[in-house]
1. Tell me the label-point distance for the pair Glu38, Leu51, using the 7 Å Cα-to-Cβ offset, in nm and rounded to one decimal.
2. Which value, in Å² rounded to 10, gives the accessible area of Thr100 with a 1.4 Å probe and all protein chains present?
3. Just to make sure I understand: if all protein chains stay in place, what is the order of Lys66, Lys101 by accessible area at 1.4 Å, largest first?
4. For the full complex of protein chains and a 1.4 angstrom probe, list Arg42, Arg95, Arg63 by accessible area with the highest value first.
5. Not counting ligands, DNA or RNA, and with a 1.4 Å probe, what is Asp81's accessible surface area in Å² rounded to the nearest 10?
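The values are calculated or read from the model by the stated rules, or taken from the named source; none is laboratory data. The structure presented is a predicted model; accordingly, all values stated were derived computationally and were not measured. Methodologically, a virtual Cβ is constructed for each residue, glycine included, from the backbone with ideal geometry; neighbour enumeration extends over all protein chains shown. Areas reflect the complete protein model, heavy atoms only, side chains present, ligands, DNA and RNA absent. Shrake-Rupley method; radii C 1.70, N 1.55, O 1.52, S 1.80 Å.
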Amino acid sequence: MVIGLMAVLGSSVLVGAVSLYNRSSSNAPTTIGVNQSELNARLNSILDFCLNSLPNGLQACDRQLKNVVTEVCAANNGALDACHNGKVDQYYVARAAGVTKSATNKTH
């Protein structure tokens, strides 16, 4: 039941990020302002949420994190922390290691 709640929470966080991104990109200021700063903070909190779910991870993070961050970074010319801090890659590397370790433990 806890895993199910975590999956729902993770999905809602990612959906919220996409929603915030869509809202901020439609009325984005011409210079870096509050919207981009708010978007940066929100994206960082999503990354932290996904990283805190390790080593088990969340399906929502597994499936959507990279695409969401890639789209947001492309729309913001890579100006956000998540575009260059390596946390997305860190998440997927840790997940791959966790999956490998889990598979190894099941065979022994």
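1. Going by the 7 Å Cα→Cβ label model, 2.4 nm.
2. 80 Å²
3. Lys101, Lys66
4. Ranked list, largest accessible area first: Arg63, Arg42, Arg95.
5. Roughly 60 Å² of Asp81 is accessible to a 1.4 Å probe.
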